[in-house]
Amino acid sequence: MNWDDLRFFLDLARTGRLTASARRLGVEHTTVARKIQALETSLGAQLFVRSQTGYALTERGRRILESAEDMEIAYGHITSSIDEDVDVAGLVRIGCNEAYGTQIIPRHVAEIMAKYPELRVEVLALPRAIPLPRNEADIVISIDRPERGPYIASKLADYELGVYASPGYLSMHSSINTVDDLAGHDFIDYVSEMVLAKNVPKPADYAAPGRIKYRSTSILGQKAAAESGLGIVILPIYVAAQSLGLVRVLPGEVVLHKSYWITMHSSLRNVSRFRTVWNQLREMAESELGQASALALALQKNTPGTD
């Protein structure tokens, strides 16, 4: 038994699929299968149950997993004590919502990869939550506060949301002077059964029954719908800042505050590439969202008809 075989074992235990582990490790899926077979042969025990849905740990595999994770942490301590940047290479998969993954993450990753050119990054920017227990991503950025488990989690940054509409929509509908006036207007929302997170602000808090006329699983699709005049939309101001076709409605009265959280499995904290990307994302997040807020405020002040 050697550490290299255990490294492949750990990754397959997390992903449950040969192809996913092969992509993360930068090898062919046959290499992963060969490493697992070699480890099982050396231990004289089956570590995974193979099925059409993937690879699941056997009882013996679950017992070995804890020890293997301890070895991974120890290895991380050794490499980090030798050279902080020595192992900042390989694949890191980041899971996050569509807005953050398309508007914020690319700039952050560009800066990180300029420092660490041997990194490879995959971003799952999806219009749904990405649960860590499913091993879809190494690092997850979420709106809902992470549940308890074998994870490390930290608040990434606070952000603000507002209510927006196109000038065309506003000119063709009754004026909005108070929050109560919103009940008489059409709204745009998520598809009911595919809401991004438990704690996203809800247009139903402002709209009268039957006034949510357009729904989309995509926040960028909702923004485009609002730009087309289909109704009022709730957007993070860093998303709205990218649009010159939207006006913020009641900016002094409808101000919604949320937070992003960053999470990863505790066993990854001492693996250089994961630890480095985690730290870099945290350092960049607050200033990035703050700049977006300032830009949105400047655009709002310079947009006619927003007083």
Worksheet item: Which residues make up the longest stretch of the chain that has no trypsin sites (Lys or Arg not before Pro) in a DSSP loop with at most 12 other Cβ atoms within 10 Å?
Response: 1-147
Fill in: 3J(HN,Hα) from dihedral phi, segment 38-45, Karplus parametrisation 6.51/-1.76/1.60, rounded to Hz, x for glycine, proline
5, 5, 5, 5, 5, 8, x, 8
Discussion item. Give me, ordered by chain and number, the residues 5 or more places off Thr217 or on other chains with an amide H under 5 Å from its own placed amide H.
Written reply: Val191
Worksheet entry | Overall Cα dimensions of the chain, principal axis frame, Å, largest first | 75, 41, 31
Worksheet item: Once the whole set of protein chains is in place, how much accessible area is left on Thr217, using a 1.4 Å probe, in Å² to the nearest 10?
Response: 40
Worksheet entry | Projected label distance in nm at Ala197 and Ser67, using a 7 Å step from Cα toward the beta-carbon | 4.0
Worksheet item: Size of segment 229-289 along its principal axes in angstrom, Cα-based, largest extent first?
Response: 48, 22, 20
Worksheet, complete the sentence: The correct pair for segment 104-236, radius of gyration to one decimal and Dmax as a whole number, both in Å and from Cα atoms, is 18.2, 56
Worksheet entry | By accessible area with a 1.4 Å probe, ligands and nucleic acids excluded, highest first: order of Asp70, Asp205, Asp186, Asp181 | Asp205, Asp70, Asp181, Asp186
Item to complete: Counting helices only, and only those DSSP H runs with n ≥ 4, report the 222 nm mean residue ellipticity of the chain as the sum of -39,500 (n - 2.57) divided by its residues, in deg cm²/dmol to the nearest 500.
Response: -13000 deg cm²/dmol
Worksheet item: Given H placed 1.01 Å from N in the peptide plane, which residues other than close sequence neighbours of Tyr159 have an amide H under 5 Å from its amide H?
Response: Lys258, Ser259, Tyr260
Item to complete: Rounding to the nearest 20 debye, state how big the charge dipole of segment 177-258 is about its Cα centre with +1 on each Lys and Arg Cβ and -1 on each Asp and Glu Cβ.
Response: 240
Discussion item. Please list, ordered by chain and number, the residues whose modelled amide H lies under 5 Å from the amide H of Gly90; skip anything fewer than 5 residues away on the same chain.
Written reply: Leu119, Arg120
Worksheet item: Of all the accessible heavy-atom surface of segment 137-260, with the other protein chains kept in place and a 1.4 Å probe, what percent is carbon and sulfur?
Response: 50
Item to complete: Using Cα positions and a limit of under 29 Å, work out the lysines in reach of Lys202, with same-chain residues fewer than 8 apart set aside.
Response: Lys155, Lys213, Lys223, Lys258, Lys301
Worksheet, complete the sentence: Note, segment 58-65: 3J(HN,Hα) by Karplus (6.51, -1.76, 1.60, θ = phi - 60°), whole Hz, Gly/Pro = x, goes 7, 4, 5, x, 5, 5, 6, 4
Item to complete: Run through the DSSP bridge list for segment 111-248 and note the antiparallel percent, rounded to the nearest 5.
Response: 60
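The values are calculated or read from the model by the stated rules, or taken from the named source; none is laboratory data. Since this is a predicted model, take the numbers as computed values, not measurements. Here Cβ is always computed from backbone atoms with ideal geometry, including for glycine, and neighbour counts include all displayed protein chains. The area values use the complete protein model at the heavy-atom level, side chains included, leaving out ligands, DNA and RNA. Shrake-Rupley method; radii C 1.70, N 1.55, O 1.52, S 1.80 Å.
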